[in-house]
1. So which of L260, L271, L266 is in a loop (DSSP other than H, G, I, E, B), of a type outside the set (V, I, T) and over 19 Å from I32 (Cα atoms)?
2. Taking the residues in segment 102-123 that are in contact with a helix residue (DSSP H, G or I) (Cβ under 8 Å, 6 or more places away or on another chain) and part of a helix (DSSP H, G or I) as candidates, determine which candidate is nearest to N61 (Cα to Cα).
3. Being among the small types (G, A, S), within 14 Å of N61 (Cα to Cα), out of contact with any Gly (no Cβ under 8 Å at 6 or more places or on another chain) and surrounded by fewer than 15 Cβ atoms within 10 Å (Cβ to Cβ) is the requirement here; does S88 meet it?
4. All but one of (1) assigned to a helix (DSSP H, G or I); (2) within 18 Å of G74 (Cα to Cα) hold for N128; which doesn't?
5. Mind checking which residues of segment 31-54 are β-branched (V, I, T) and under 8 Å from the mean Cα position of the chain (by Cα)?
6. Surrounded by 14 or more Cβ atoms within 10 Å (Cβ to Cβ) and in a helix (DSSP H, G or I), is that true of S25?
7. Kindly evaluate L80 against the criterion of being surrounded by 15 or more Cβ atoms within 10 Å (Cβ to Cβ), within 37 Å of the chain's Cα centre (by Cα) and in a helix (DSSP H, G or I).
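A short reminder: the numbers here are calculations on the coordinates, not readings from a lab. Please read all numbers here as calculations on a predicted model, not as lab measurements. Virtual Cβ from ideal backbone geometry, glycine too; neighbours counted across all protein chains shown.
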Amino acid sequence: MFTTLSRIIKAGFAGFYRNITVSLSAVLIIGIALLAFASMYLGGTVLSASISQLEQKVDVNVYFATTADVELVGEIKKELESINQVASVTYITREQALENFKERNKDNKIILDSLEVLDDNPLGASFNVKAKEISQYENIALFLDQVQVQDKYAGLIDTVNYNQNKQAIDKIRSLTDYSQKFGVIVFGILSALSLIIVYNTIRLTIYTVKEEVAVMRLVGASRFFARGPFIIEGMLYGLIGTILALAVLWPSLYYAAPSLNQVFVLNVYELFMNEFVLIAGGMLAIGMTLGLVSSGLAIRKYLDI
C-alpha cells in the first residue's frame, strides 16, 4: 500500500515537472487567488475594527445659543437622561467651553488676542450625549428635533451635530461593504481562472501520458494507481500556490506595517501573525480544493479508463 502511494506521489511530481511552464502558470494564478482571499480577510477584519472604534467615538453634541436660559438647559438635560437609550449626558458650561477653546488654540496668538478684545464670551453651553448603542443615536436626534420646535424651548438650541457624524459613519460602512463585495468578486474570478488553467494543465498532462496509462491498465494497474498521479499533481498546484502566496504576503505585510498602522486601528502584521494558522490553513484548504476539483473534472472527462 505504502509502496503504491509512494509511486503515485512520485508520478504526480513527475507530471508537474513534465510541463513545468504550464504548471507554473497554474501555480501563479492559484497564488494570486489566494492572495486575494487573504487580503479580503485581513482587510475586512481591520476595517470592521476601525468602524467599531469610530462608532465608540460617535456622540451627539448639542450647542446652545449664548442667550439660552440655564434653567431651561437643565430641563432638557433631565429629559435626555430619562431616555432609556441615553448612556450619559455631559454638560459643558459657557465658561468651560471657552477654556476648552483656549486650550485647543493655545498656540494661536491671533485667536487668543481676538478673544481678549471681545466684551463677552462668544460660546454657548453644550451637551455631549452618548447612547448605549450606535443605532440609538437617531432616536436621540429625533427627540432633540422635537425639542427645537417646542415653543417653550424656541431659540434655545443652536445646532446639533448628529447628521454630520451619521453621514461619516454611513460613508465608511458603505465603503467597507463595497470593498468586501469587490473582494469577493475578484476572488471568485481568480478562482474560476484557477480552475480553468489547472483543468487545462491536467488535460495536457493526460494527453501526454495517455498511452502510458493505457499500457499500465493492460498490465493490471488499478484505476486508483492510474488516476492518482493526476490528483496529486492538481493538489500540488494548490500546495505550491499557497506557499507562493504566503512568501509574498508575509514580507509585504512586514515592510508595509509601519505605513498601514498610521491608517488602521489594528496592526495588520500582528493580526496576520496572530491568526497565521487560520489564514494559512484557509489558503491551503482553498488552494488544494481548487487543484483537486480541477484535476477531478479533467480526469473524468479525458481519462477514459
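1. Sole residue among the options that is in a loop (DSSP other than H, G, I, E, B), of a type outside the set (V, I, T) and over 19 Å from I32 (Cα atoms): L266.
2. K102
3. yes
4. Only one criterion is unmet by N128, namely (1).
5. T45, V46
6. Here the answer is yes, as S25 does meet what is asked.
7. Against the criterion (surrounded by 15 or more Cβ atoms within 10 Å (Cβ to Cβ), within 37 Å of the chain's Cα centre (by Cα) and in a helix (DSSP H, G or I)), L80 qualifies.
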